[in-house]
Amino acid sequence: MKSGKEIQFESIYRDNRDKVYRLCLGFVREKERADDLFQEILIKVWKHLDSFKGESEISTWIYRIAYNTALTFSAGEKKKDEKQTGFPENLDLIEPENNNQEQEIRLQLLYQTINELPELDRVIATLLLENTPYRSIAEISGISENYVAVKVNRIKNVLTQKLNPQTHEN
Amino acid sequence: MKTNFNDIQNLWQFKKAKSFDLSTMIDRLKQTEKSQKRERLVILFCTPATVGFLFWVMPWRESPAILISLILIALIMIWATWLSYASKLKPVDSTESFDNRTYLTTQIKQLNYRYRIAQRHMYTYGVLLSLALNISYFVLLEPLGLGLRIGIHLAMTLSVLGFMHWSLKKRLKKYDQTLKPTINKLEELLSQK
């Protein structure tokens, strides 16, 4: 029989897995590493679930764990990447799951663009893309709401420029 | 056609997590938790067991110096066990009120603490241990000649300090390769805020 913790964990997983997985893809370049990070976050959520006191939304709590883990993970992984100078040419980030080739290419470009942002901007960008309110972004990232707004404008510009190269080249 | 930010959001949210074998992971986590509990119990058992064994084999009733030596060894072992627990990073994620800045600050503090333990406390540990052993040896080696006694004291002190120095250098080298880049990166992230 499943324990209360297992039931709660499964429910959290069902509700948040896609967002957390996308966060991982925004933070690490390769699919295998994204899977490792995803697993590491799930392990941390499991380990610390007993300490969740309900003082904040469960999703905010999970994102805090996810982002903090992703930051430490990418900080630790950086030294392994020192010899790599650019994005891998084969763009082997994820397995294509749909037949829409164009969409897949655009998705890879989006991951690449997010991956090239500084870590704090990466955190904000991924939260923004999940429609997270500014207040929650500020709460998770530990910066003021006003500063979030400034960052958001810049990030939106970078993302739209990168995904509309022809418009900006003209 | 121009892509606006809503299109980018839709594109981003299009990606779904792959199916994950959650029950296997939970089973493994439970097993890990059990073995970690066992390890902690072994550590908790080892310290008093070693001290108890020393008290059993050493003639501490006959000499206050040996008693002092054993108490010193017991205190050193308790201190080392406490340092080992204190340097663990575990509490860092458990507080839900931690924002990113606090998390980074705490991580940096904890990682630097590991360095500090190695740099400062390991030598202190070595010196105290040599002192405790020398006190006991001073009493136990009484029947031997002066030259031999001095030789044994010196050899033991040098062995303990030499081993401590060697393991400290080894640990610091490992930290330079693993902890230092992480600390630098985390400090860089903190300075961005």
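The values are calculated or read from the model by the stated rules, or taken from the named source; none is laboratory data. This structure is a prediction, so every number in the text was calculated from the model and none was measured. For neighbour counting, all protein chains shown are included, and Cβ atoms are generated from backbone atoms with ideal geometry for every residue, glycine included. All accessible areas refer to the heavy atoms of the entire protein, side chains included, with ligands and DNA or RNA removed. Shrake-Rupley method; radii C 1.70, N 1.55, O 1.52, S 1.80 Å.
Here segment A:104-118 is the region considered, the condition is being in a helix (DSSP H, G or I) and open to solvent by 10 Å² or more (accessible area, probe 1.4 Å), and the residue that is farthest from the other protein chains (Cβ to nearest Cβ) is A:GLU116. Is there a residue in segment B:131-153 that is of a type in the set (D, E, K, R), under 18 Å from the mean Cα position of the chain (by Cα) and surrounded by fewer than 14 Cβ atoms within 10 Å (Cβ to Cβ)? Looking for residues that are of a type in the set (D, E, K, R), under 18 Å from the mean Cα position of the chain (by Cα) and surrounded by fewer than 14 Cβ atoms within 10 Å (Cβ to Cβ), one finds none in segment B:131-153, hence no. For segment B:84-162, the helices (runs of 4 or more DSSP H) that sit wholly inside it and include 2 or more residues that are at pLDDT 80 or above are B:100-116, B:122-140.
Taking the numbered list (1) of a type in the set (Gly, Ala, Ser); (2) assigned to a helix (DSSP H, G or I); (3) within 30 Å of A:LEU107 (Cα to Cα) in turn, B:ALA74 passes all entries but (3).
Candidates in segment A:9-52 are the residues that are under 16 Å from the mean Cα position of the chain (by Cα) and small (Gly, Ala, Ser); of these, the one that is farthest from B:LYS18 (Cα to Cα) is A:GLY26.
Summed over segment A:45-72, the residues that are at pLDDT below 85, of a type outside the set (Asp, Glu) and farther than 18 Å from B:ARG101 by Cβ give a count of 9. Within segment A:131-141, does at least one residue satisfy the condition of being modelled with pLDDT of 85 or more and aliphatic (A, V, I, L, M)? Scanning segment A:131-141, I find at least one residue that is modelled with pLDDT of 85 or more and aliphatic (A, V, I, L, M), so the answer is yes. Of the residues making up segment A:35-47, those that are open to solvent by 10 Å² or more (accessible area, probe 1.4 Å) and not aliphatic (A, V, I, L, M) are A:ASP35, A:ASP36, A:GLN39, A:GLU40, A:LYS44, A:LYS47.
Selection over segment B:172-193 of residues that are open to solvent by 100 Å² or more (accessible area, probe 1.4 Å) and more than 14 Å from chain A (Cβ to nearest Cβ) gives a count of 1.
Let's see how each residue does on (1) assigned to a helix (DSSP H, G or I); (2) at the interface with chain A (Cβ under 10 Å from one of its Cβ atoms); (3) out of contact with any strand residue (DSSP E or B) (no Cβ under 8 Å at 6 or more places or on another chain):
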position: B:ILE8; (1), (2), (3): yes, yes, yes
position: B:TRP12; (1), (2), (3): yes, yes, yes
position: B:PHE20; (1), (2), (3): no, yes, yes
position: B:SER23; (1), (2), (3): yes, yes, yes
position: B:VAL42; (1), (2), (3): yes, no, yes
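Being open to solvent by 10 Å² or more (accessible area, probe 1.4 Å) and either touching a Phe, Trp or Tyr at 6+ places or on another chain (Cβ under 6 Å) or free of Cβ contacts under 8 Å to residues at least 40 places away in the same chain (or both) is not true of A:ILE12.
Number of residues in segment A:54-71 that are closer than 24 Å to B:THR32 by Cβ and more than 13 Å from the chain's Cα centre (by Cα): the value is 2. Entry remark, segment A:27-36: residues being within 12 Å of chain B (Cβ to nearest Cβ) and either modelled with pLDDT of 85 or more or farther than 27 Å from B:LYS30 by Cα (or both) number 2 in total.
Residues that are closer than 23 Å to A:LEU128 by Cβ, within 7 Å of chain B (Cβ to nearest Cβ) and among the aromatic types (Phe, Trp, Tyr) within segment A:39-73 comprise A:TRP61, A:TYR67, listed in sequence order. Just checking, does segment B:25-39 include any residue being open to solvent by 40 Å² or more (accessible area, probe 1.4 Å), more than 14 Å from chain A (Cβ to nearest Cβ) and under 35 Å from the mean Cα position of the chain (by Cα)? Scanning segment B:25-39 turns up at least one residue that is open to solvent by 40 Å² or more (accessible area, probe 1.4 Å), more than 14 Å from chain A (Cβ to nearest Cβ) and under 35 Å from the mean Cα position of the chain (by Cα).
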